[in-house]
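Student: The following block contains the structure, expressed as structure tokens.
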Amino acid sequence: MALAGVGSYGRGMVALKSDLDVRLLARNVDKAATVADALLYPLWDMGVSIGHQVVTVDDLLHSAKTDLPAATSLLDWRHVAGDRSLSEALRKRGEEGIFAHSELPRFLARLEEEAAQRHARFGGSVYLLEPDVKNGEGGLRDLDIARWAAKARFGVGEPEDLVRVGALVPREAAEIQAASEMLFRIRNLLHAHAGRRSDRLTFDEQEAIAALLGYGDEGEAVEHLMSAYYRSARTISRARTNAISRATPVL
């Protein structure tokens, strides 16, 4: 059996009040259930919010063909403990199947469709007065899509690694890194202030966060904060578009 982190836990970008998401990869799901209970119940009793699935390699790859979160979990997969050969087998079969050169356009189209549907729900402009810093246009989920697209094509997703393989120039990497840090800082402050997951940057939160980030408490503090937010969101939105374009192979 192998234990792996997926989602934001796999990416190493868990926000303050976000859940941890893990997968238990097993050869036999029924036999693995006992281990899963022994591992997870103490964490739940401690108040850790953790989601999980017990899966086989075949089951996960089958789900990934039609379920986008299952497919992206393969790209976020971070082996934590247990039988590393299982994680390696999953990675290899994913590269040969879902993320094979001939299959990439289909996967990238699924990413674009997800972004369009999400923006229609949470806001299709980076200039909303009360933006959703995770799900809106230019939010952190768009950064995830850029990372997934790049990792599916180039095998790496972090800006500095993409510079190394020639998918980004250093200036782009620096801008993306700064923008992601800005949005992640705002999201963590939203979570801290609400004491729970909260991703909408409301007018009230803008005043509080402007002060916490050092923009002062004068009348223009919120304006300065939102200008910085909009610049960051534009950068992330552009990064998503560029990542999908550059990841699309010429067949």
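Student: If a residue must be open to solvent by 60 Å² or more (accessible area, probe 1.4 Å) and within 23 Å of Arg91 (Cα to Cα), how many such residues does segment 36-62 contain?
Tutor: 5
Student: Here is a follow-up. Please tell me if Asp21 is of a type in the set (Asp, Glu), at pLDDT below 90 and either closer than 18 Å to Thr72 by Cα or open to solvent by 30 Å² or more (accessible area, probe 1.4 Å) (or both).
Tutor: Taking the combined requirement at face value, the residue does not satisfy it.
Student: Within segment 76-93, restricting attention to residues that are under 22 Å from the mean Cα position of the chain (by Cα) and either hydrophobic (A, V, I, L, M, F, W, C) or open to solvent by less than 60 Å² (accessible area, probe 1.4 Å) (or both), which residue is farthest from Ala2 (Cα to Cα)?
Tutor: If we take residues in segment 76-93 being under 22 Å from the mean Cα position of the chain (by Cα) and either hydrophobic (A, V, I, L, M, F, W, C) or open to solvent by less than 60 Å² (accessible area, probe 1.4 Å) (or both), then Asp76 is farthest from Ala2 (Cα to Cα).
Student: Then there's this: Restricting attention to segment 94-114, does a residue exist that is in a loop (DSSP other than H, G, I, E, B), open to solvent by 60 Å² or more (accessible area, probe 1.4 Å) and either on the phi > 0 side of the Ramachandran plot or not polar (S, T, N, Q) (or both)?
Tutor: yes
Student: Pick from segment 181-217 the residues that are of a type in the set (Asp, Glu) and under 19 Å from the mean Cα position of the chain (by Cα): which of them is farthest from Asp161 (Cα to Cα)?
Tutor: Among them, the one singled out is Asp199.
Student: Hey, any hits in segment 232-242 for a residue that's loosely packed, with under 15 Cβ neighbours inside 10 Å, at negative phi and hydrophobic (A, V, I, L, M, F, W, C)?
Tutor: No: zero hits.
Student: Of the residues in segment 1-43, how many are in a helix (DSSP H, G or I), under 24 Å from the mean Cα position of the chain (by Cα) and under 21 Å from Asp58 (Cβ atoms)? Before you say what the answer is, go through the steps one by one.
Tutor: The first filter runs over segment 1-43 and keeps only residues in a helix (DSSP H, G or I), leaving 7-11, 29-43.
Subsequent filtering for residues that are under 24 Å from the mean Cα position of the chain (by Cα) retains 7-11, 40, 43.
Those left that are additionally under 21 Å from Asp58 (Cβ atoms): 10.
Qualifying residue count for the region: 1.
Student: Here is a further query. Being part of a strand (DSSP E or B) and touching a residue at least 40 places away in the same chain (Cβ under 8 Å) is the filter here; which residues of segment 52-90 pass it?
Tutor: Scanning segment 52-90 gives Arg78, His79, Val80, Ala81, Gly82.
Student: Of the residues that make up segment 159-180, is at least one within 15 Å of the chain's Cα centre (by Cα), surrounded by fewer than 22 Cβ atoms within 10 Å (Cβ to Cβ), touching a residue at least 40 places away in the same chain (Cβ under 8 Å) and more than 24 Å from Ala116 (Cα to Cα)?
Tutor: no
Student: Can you name the condition, by its number, that Ile209 falls short on among (1) buried (at least 20 other Cβ atoms within 10 Å of the Cβ); (2) not in a helix (DSSP H, G or I)?
Tutor: That leaves (2) as the condition not met.
Student: Which is touching a strand residue (DSSP E or B) at 6+ places or on another chain (Cβ under 9 Å), buried (at least 21 other Cβ atoms within 10 Å of the Cβ) and under 30 Å from Glu130 (Cβ atoms), of Leu190, Leu225, Leu183, Leu143?
Tutor: Residue meeting the stated conditions: Leu190.
Student: Could I ask something else about it? Among the numbered criteria (1) over 18 Å from Leu201 (Cβ atoms); (2) open to solvent by 20 Å² or more (accessible area, probe 1.4 Å); (3) without any contact (Cβ under 8 Å) to a residue 24 or more places away in the chain, which one does Ser125 miss?
Tutor: Status for Ser125: all satisfied but (1).
Student: Which of the numbered conditions does Lys134 fail, given that it passes all the others? Conditions: (1) more than 15 Å from the chain's Cα centre (by Cα); (2) in contact (Cβ under 8 Å) with a residue 24 or more places away in the chain.
Tutor: Looking at each condition in turn, Lys134 falls short on (1).
Student: Right, here's the next one. Looking only at segment 193-205, decide whether some residue is assigned to a helix (DSSP H, G or I), open to solvent by less than 60 Å² (accessible area, probe 1.4 Å), touching a Phe, Trp or Tyr at 6+ places or on another chain (Cβ under 8 Å) and free of Cβ contacts under 8 Å to residues at least 60 places away in the same chain.
Tutor: No, segment 193-205 contains no residue that is assigned to a helix (DSSP H, G or I), open to solvent by less than 60 Å² (accessible area, probe 1.4 Å), touching a Phe, Trp or Tyr at 6+ places or on another chain (Cβ under 8 Å) and free of Cβ contacts under 8 Å to residues at least 60 places away in the same chain.
The values are calculated or read from the model by the stated rules, or taken from the named source; none is laboratory data. The model shown is predicted, which means the values in this text are computed figures rather than measured ones. Every residue, glycine among them, receives a Cβ derived from its backbone with ideal geometry; neighbour counts consider all protein chains shown. Areas reflect the complete protein model, heavy atoms only, side chains present, ligands, DNA and RNA absent. Shrake-Rupley method; radii C 1.70, N 1.55, O 1.52, S 1.80 Å.
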